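Each remark here refers to the structure printed beneath this line.
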Amino acid sequence: MRVLGIESSCDDTAAAVYDASAGLLANVISSQVPVHSLYGGVVPELASREHIRHVLPVVEQALSDAGSGREEIDGIAVTAGPGLIGSLLVGLCFAKSLAYSWGRPLYGTDHLEAHIFSIFLEQDVEFPFLALLVSGGHTSLFRVSGWEEVSYLGGTLDDAAGEAFDKAAKLLGLGYPGGAAIDRIAQGGDPDRFAFPRAWLAPGSADFSFSGLKTSLRVFLSTPEGKDGRVEDLAASFQEAVVDVLVGKTLEAARRERVPRIVLSGGVSANSRLRDLAGKEGSRAGIAVYFPSRALCTDNAAMVALLGERRLSAGRASGPDLNAYASSRFSR
Ligand code: KG4
Ligand code: ZN
């Protein structure tokens, strides 16, 4: 089965074509970073307008890259949520119209599930595995026992890890979006130069908390020592605090769940230090750690098309009442 995927949950308009036998045939992304960077963050209304401008060209480009006419597309998958509601509705209405006019089945993909399964675009992973999804909007742990079996173990009580990176980058004057900038600049810094707090929470808890860490950076930057600190050391020390907790708590959860493999996904899983530490600590603990290549960590439609293909070929098409949703459907 060959599926066209469409993603518009936040500030990327993306389309991709995934074929069950030939694999990923096209993966097109139109980023809105230049629009939102003027404001230091995503402006929802501007994001919706940009999606309207870009959704058709991006889909046309994906079909052309895949060398696919509409008659070769067997189904359409679109991100239904969670995300910015106006942005989601642009992709959803577009995909619904295509499905209706082409006479093809439609599947409303969950953005979090799409990230979790994105690893399968590049490699097979045995079930069950523990999935750490770390992005701008989410920091959550799941136990994944099959393509239809995803259970939520815990998540952030306040800021998501990517949100913490973005806010820290703003405080450090590194611009938006900040995760990749911190990653880059931290490579020239000392991660042990400053001791930022780690929120481990109660023993056995699979939850996370990053808002205190962000506040502690803000307070520290107003002290004489903070004002004199090298930005490289500040970025490296902040990053170390985030990564330490992500890796420590994920490995602990894997041991608790008796699951010998972990899959990382979401924008923050592109972070060099996270990939490095998770790999090292995982091999020390006898736990295999998998992560997608960097380009597939951040938002894309390839993961939407892949999951759509799996669900549509399992006969799970969405009905005409498919609607967008803003908040995560996963909870304990
Ligand atoms: O998955 P994603 O593209 O969008 C959401 O679903 O949120 O993730 C975007 C987040 C942003 O917060 C961005 O700063 C962060 O991922 N990010 C990184 C890196 N690359 C992107 N954070 C740390 N290190 C990176 N290399
Ligand atoms: Zn995402």
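The values are calculated or read from the model by the stated rules, or taken from the named source; none is laboratory data. All values reported here derive from a predicted model rather than from experimental measurement. Here the Cβ is made from the backbone with ideal geometry for all residues, glycine too, and neighbour counts use every protein chain on show. These area figures cover heavy atoms from the full protein model, side chains too; ligands, DNA and RNA do not enter into them. Shrake-Rupley method; radii C 1.70, N 1.55, O 1.52, S 1.80 Å.
Of note:
- Within the accessible area of region 125-291, the carbon and sulfur atoms contribute 51%, probe 1.4 Å, all protein chains present.
- Between 0 and 90°, nearest 10: helix 44-66 axis offset from the chain longest Cα axis: 60 degrees
- The charge dipole of the chain, taken about its Cα centre with unit charges on the Cβ of Lys, Arg, Asp and Glu (plus for the first two, minus for the last two), comes to roughly 460 debye.
- Per-residue [θ]222 nm for the chain (sum of -39500 (n - 2.57) over DSSP H runs n ≥ 4, rounded to 500): -13500 deg cm²/dmol
- Using C-alpha pairs below 8 Å separated by at least 6 residues, the relative contact order for the chain is 25 percent.
- Ligands, DNA and RNA excluded, the heavy atoms of Val219 present near 80 Å² of accessible surface to a 1.4 Å solvent probe.
- Shape call, region 83-190: gyration tensor on alpha carbons, a/c limit 1.5: oblate
- Other-chain or far-sequence residues with amide H under 5 Å of Thr156's (modelled H): Thr139, Phe208
- Highest to lowest packing among 220-226, 240-246, scored as the average C-beta count within 10 Å: 240-246, 220-226
- Here's the list of lysines a cross-link from Lys227 could span, going by alpha-carbon distance under 17 Å and ignoring same-chain residues fewer than 8 apart: Lys170, Lys214.
- Average accessible surface area per residue within the chain, 1.4 Å rolling probe, Å²: 41 Å²
- For the chain, alpha-carbon Rg relative to the globular expectation (2.2 N^0.38 Å, N residues): 1.00
- Peptides ranked, highest mean first, by Cβ atoms within 10 Å: ranges 136-142, 172-178: 136-142, 172-178
- Highest average first, the peptides 302-315, 85-98, 282-295 ordered by how many other beta carbon atoms sit within 10 Å of their residues are 302-315, 85-98, 282-295.
- Whole-percent carbon and sulfur share, accessible surface of region 35-115, 1.4 Å: 57 percent
- Rounded accessible area of Arg273 (nearest 10 Å², 1.4 Å probe): 60 Å²
- A dipole drawn for the chain from +1 and -1 charges on Cβ atoms has a positive end, and of Ser30, Ala114, Ala302 the residue lying farthest that way is Ala114.
- Region 125-291 shape via C-alpha gyration tensor axes, a/c threshold 1.5: prolate
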